[in-house]
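Engineer: Take a look at the following structure, please.
The values are calculated or read from the model by the stated rules, or taken from the named source; none is laboratory data. Here the structure is a predicted model, which is why all the values come from computation and not from measurement. All Cβ positions, even for glycine, are placed from backbone atoms using ideal geometry, and neighbour counts span all protein chains on display.
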Amino acid sequence: MRPEKKNTAVSKAVLYARVSSREQAEGYSIDAQLKLLRDYAYQHGLSVAKEFIDVETAKKCGRPQFGEMLAYFQKHSSTVHLLVEKTDRLYRNFRDYVALDDYELEIHLVKEGTLLSHRSTSHEKFIHGIKVLMAKNYIDNLREEVTKGMLEKASKGLPPGRPPIGYRNNKVTRGIDLDPVQGPWVQKMFAWYASREFSLERLSRHLYGAGFTYQPTRPKINASTLEKVLKNPFYIGRFKFGEHAFEGTYPRLITVEQFEAVQAAFRAANHSKQQKHEFAFSGLLSCEECGCAITAEIKKGRYIYYHCTGRKGPCSQKRKAVREEELIRQFGDIVDGVTIGREIVEDMKTGLKASAAEEARFHRDTLETITQRIEAVQGRLEKAFEAKLDGSVPDELWRRKSQEWQLELQQLRENLAHHQGAKQAFYEQGFKLLELAERAYLLYQKHDRAQMRALVQILCSNSVLHDGAIKAAYRQPFDWLVLGKKQAAASLVGGGGQMPAAEKWWSLGESNS
């Protein structure tokens, strides 16, 4: 709903704007958001006390200004109005929602015409919660589409991202070239280790003494990094992206014969150790006390116990072994923590479908922004070409600028394709997530070790063990489900009454519902 104009001009407001890339920040997106929010504040008698702007890039993660804004609210509790363009500009995940919920704020979603506060009805909170999920789900789908684009590049023999030492990216051709400085050093690494006259530690010292600089801030290459270089098939034209293997189209730095000679030297030195037994939860837990991995071993020929490796020094957890059956029980509780009932699944699916209009607007606005930028770059290119024909632009300047603009056009078109793909997968991905949450515990109860491990890997990451108890770290978006259930339970206990039907989505049901 659209709030009424305030009668007092002393009410203070905070403006928050966000863009997802530095290129957008250089266009009109930030300015357009701020103008919209400032006009809204003026029309409703709100005094702007502070403006926070976040620019997220692929190289720089996080939202420092969002954190600064929370700190500001902590110090200035009298500022109760938060103005933002729309839902997806404010939230990236459910944690953001919970963080803002700690303050007595009135959140104005200006483009959506919505005012959200502690006085909002359960129905308004329900719709807003669905929009939070949709905003994050769209971002996740977009990330998947970007991955598809990177996979397409890999299929052409060019690995995405930064190549290993000895190579460098060519920003003009978007290919990969040999590094004239580091490349010869990599060839020496392979030749010296293949001679079997050097251990990894000794080769590291030898390279440093010979004048090799690995990085300006880290001149000496350590043994573990050196081993990764010498075992990397990238240098013979083979690489992996995700689960797929590809044949590279970039120049080879090492011959196949040299590479195989180095691998034979590793085998001779017995550097690789094979795991004798596949344990259900190995590699999924670390020790909370010292940070080492939790390993497993068989005792009395049949009982499996897990304990800390203690490789970093004395650790009390090394002596506190836990039976695998106990970990199965605890992980079962963790899986059950995200399980939701059929009724709630259907309610949430209905909510997603009902809010299709908002998702469509968000998608349309994004595509329109990208399309406008494509047209602007094409316009600059056409005008520059006309100036070149007139002789008013030197040939060298024309070649340099046209290469830059052509590269920008290619990137914009790829971005456009990613957004189009994200829209196609939006509902399918969201529904699959809900169905997995509904069936997770039933699948786990089948007691198939491989399936248990797969479910735990999907739901959790970086979980720790201490005194025989697992502390789970849920992956997104499953952490939202767990937080939602906890919030709903606390609200129900505090209120001492029945939870309204429209707010049941926060509790997300119980596994036995």
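Engineer: Picking from Arg361, Arg373, which residue would you name as being at pLDDT below 75, of a type outside the set (A, V, I, L, M, F, W, C) and surrounded by 13 or more Cβ atoms within 10 Å (Cβ to Cβ)?
Structural biologist: Answer to the selection: Arg361.
Each row is one residue, and each column tells you yes or no for (1) at pLDDT 80 or above; (2) in contact with a helix residue (DSSP H, G or I) (Cβ under 8 Å, 6 or more places away or on another chain).
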position: Gln457; (1), (2): yes, no
position: Tyr474; (1), (2): yes, yes
position: Pro477; (1), (2): no, yes
position: Ala488; (1), (2): no, yes
position: Pro500; (1), (2): no, yes
position: Lys504; (1), (2): no, yes
position: Ser507; (1), (2): no, yes
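Engineer: List the strands (runs of 3 or more DSSP E) that sit entirely inside region 8-104 and contain at least 3 residues that are surrounded by fewer than 18 Cβ atoms within 10 Å (Cβ to Cβ), at pLDDT 85 or above and more than 23 Å from the chain's Cα centre (by Cα).
Structural biologist: Hits in region 8-104: 47-55.
Engineer: If only one of Leu389, Leu367, Leu433, Leu381 is among the hydrophobic types (A, V, I, L, M, F, W, C), under 21 Å from the mean Cα position of the chain (by Cα) and modelled with pLDDT of 65 or more, which one is it?
Structural biologist: None of the other options fit; the residue is Leu433.
Engineer: For region 164-179, which residues satisfy the criterion of being at pLDDT 90 or above, in a loop (DSSP other than H, G, I, E, B) and within 12 Å of Pro251 (Cβ to Cβ)?
Structural biologist: Answer for region 164-179, where residues must be at pLDDT 90 or above, in a loop (DSSP other than H, G, I, E, B) and within 12 Å of Pro251 (Cβ to Cβ): Gly166, Asp179.
Engineer: Right, next: Quick check on region 440-469: of everything there that is outside any helix (DSSP H, G or I) and touching a Leu at 6+ places or on another chain (Cβ under 7 Å), which residue is surrounded by the fewest Cβ atoms within 10 Å (Cβ to Cβ)?
Structural biologist: Per the criteria, the residue is Val464.
Engineer: Here are some residues: Ala264, Ala268, Ala280, Ala245. Which one is at pLDDT below 85, over 15 Å from Ile165 (Cα atoms), in a helix (DSSP H, G or I) and not aromatic (Phe, Trp, Tyr)?
Structural biologist: Exactly one of Ala264, Ala268, Ala280, Ala245 is at pLDDT below 85, over 15 Å from Ile165 (Cα atoms), in a helix (DSSP H, G or I) and not aromatic (Phe, Trp, Tyr), namely Ala268.
Engineer: Right, here's the next one. Would you pick out the residues in region 227-242 that are of a type in the set (Phe, Trp, Tyr) and either modelled with pLDDT under 90 or farther than 13 Å from Pro159 by Cβ (or both)?
Structural biologist: Result: Phe239, Phe241.
Engineer: Let me ask something else about it. Filter region 86-125 for residues that are in contact with a strand residue (DSSP E or B) (Cβ under 7 Å, 6 or more places away or on another chain) and of a type in the set (Asp, Glu); which is farthest from Ile53 (Cα to Cα)?
Structural biologist: Glu124
Engineer: Test Glu201 against the stated conditions and say whether it is closer than 24 Å to Phe266 by Cα, loosely packed, with under 12 Cβ neighbours inside 10 Å and either of a type in the set (Phe, Trp, Tyr) or touching a residue at least 12 places away in the same chain (Cβ under 8 Å) (or both).
Structural biologist: yes
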